[in-house]
Amino acid sequence: DFTHSWLFRVCYSFTFHELVVKMPSDQISLHSSTKPEKVGVDNPNLVLEIQKTTEAHHPSSHTTSKSSNNGHKHSAYMISSVSDKSPKLIEEYDPYLNRTVKHPTTFFETLIHMLKASLGTGILAMPNAFHNAGYLVGSIGTMIIGLLCTYTIHILVHSEYELCRRKKVASMTYPETAEAALIMGPKPTRKFAPYAGAVCNTFLLAYQIGSCSIYFVFVATNIKAVADEYINPDINVRIYMCILLLPLILVNWVRNLKYLAPFSSIANAVTLISFGIIAYYLFSDIRTLDDRNAVANFSGMPLFFGTVLFAMEAIGVVMPLENEMKCPEKFGSVFGVLNCAMFPITLLYTVVGFFGYLRYGSSAEGSITLNLPSDEILAQSVKLMLAFAIYITHALNCYVAVDIAWTQKLKGKIQNNNLFWEYITRTGMVLVTFGFAVAIPNLELFISLVGALCLSTMGLSFPAIIQLLTFWNDYKGIHFTLFFFKEFNCNPYFNPWVCSRHFH
């Protein structure tokens, strides 16, 4: 083995001695304001490579945390050369040590936010998703998609940390991470970096608008289901959308979220009560597996994929939550926020989908609330309570869309009557969601469309591309081939099988 030969030891001793030991002491002092690249290191990754190599040959090496005169905190690596017993120190920027958050969230608070972001109207569509896949394929597929979503979030957070370390910034948003990855990637990709932010914001905006449109359809459909028991059932669902439009515009004119906070708390409580009642109906009459398909027609798989992805993916809130944590390193650890949130979410979605399909079979609607008895007061109360909760959620989701369109794009370009144009933007957002809801008043198709178009891109494709661009230079030969193959198969737009089924 070459690494244990006398030639390797001689070369290693001489090279490392020349690189570190013979450096002037003022260039490697922790208390100087110089950055790592000024200690004779042109490649920012070289410091880390030195540390890794030294640890491999000197297990006694250890790390400490220091703060330099320029205010940045670094991890100080104790490095001993082969020919010199005195330790030398090299600084490395640590983004986690340099984050200053005004109101940091604890582990438990972040976990609650993550659970809340992942549990929405999508769970009510899971029985219909299982109808499109079958109970066996649906159960296995939901768990696989849950693992895939968890993995892609992990690689996104890991890539953001690495890019922050290289750029020496405390944190970055999703668009900033994508832009930095293109800049750090191969030369042909760097010319696309200026457009990365616009592309990411476009997909985020499309996702928020699509979600709000789904909420619009959900509220109108459930109100109609109750109203049909008391008035003319022939009234088109679009009429109910028109009735809901003006109050929804007024709700979206609320510029400060703290005024919506009491309604949001009520909506959360109402949602929990509603889920309890739905569980009662699901388990009140359990059917056998004999009447249900283990494997459904293959043509329904894209609908299943899009629905589960919409229901489970919460990529839009991942980086804001991680950036606001008091201990951000606990977000992606083995027993961190992400794993502790995604495991019960995946399990819950699988259980609801399985037993919902077992209960209603091929008659499962785009929202399980529509399968509840229409003439029972308890079932009607569930539909109205969830309609109210989602009505409030529409305003919260639309707030994100307004922030992207108005705060980030339009506000700086308009000099006069800013308040007037902000209200115009808010009204326009509601009208856009209303237009899509009127055009596609079908919950099943709309949920699958948004999940397949927006969330497969933001939740699967972009994280894989970002990781590939971030670490492309860290792998050589067969290792790079395996790394590229892994990213290739995580990306639905590069994977031929997924792509063909995805747009079937």
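Would the stretch 107-502 count as rounded, prolate or oblate if I go by the C-alpha gyration tensor, calling it rounded below 1.5 in a/c and otherwise prolate when a/b exceeds b/c, oblate otherwise? Oblate.
Here are some pairs, LYS187/LYS413; LYS191/LYS326; LYS258/LYS411; which of them have Cα atoms lying more than 26 Å apart in this structure? Those over the limit are LYS187/LYS413; LYS191/LYS326. Scanning residues 5 or more positions from THR105 or on other chains, those with amide H under 5 Å from its amide H are MET325, LYS326, with H placed 1.01 Å from N in the peptide plane.
Cα centroid separation, the stretch 228-263 to the stretch 96-146: 27 Å. Here the stretch 337-367 and the stretch 387-407 have alpha carbon centers that stand 25 Å from each other. Peptide packing: for 269-275, 209-215, the average count of neighbouring Cβ atoms within 10 Å per residue gives the ranking 209-215, 269-275, highest mean first. Taking θ as phi - 60° and the Karplus parameters 6.51, -1.76 and 1.60, the scalar couplings of the stretch 408-423 work out to 8, 10, 8, 4, x, 8, 10, 8, 10, 6, 4, 5, 4, 6, 5, 5 Hz in sequence order, x denoting glycine and proline. Sorted on the mean count of surrounding Cβ atoms within 10 Å across their residues, most packed first, peptides 379-390, 106-117 read 379-390, 106-117.
No lab work stands behind these numbers, since they all come straight from the coordinates. Owing to the predicted nature of the structure, the values given are computational and were not obtained by experimental measurement. Counting neighbours? That spans all protein chains shown, and the Cβs are built from the backbone with ideal geometry, glycine included.
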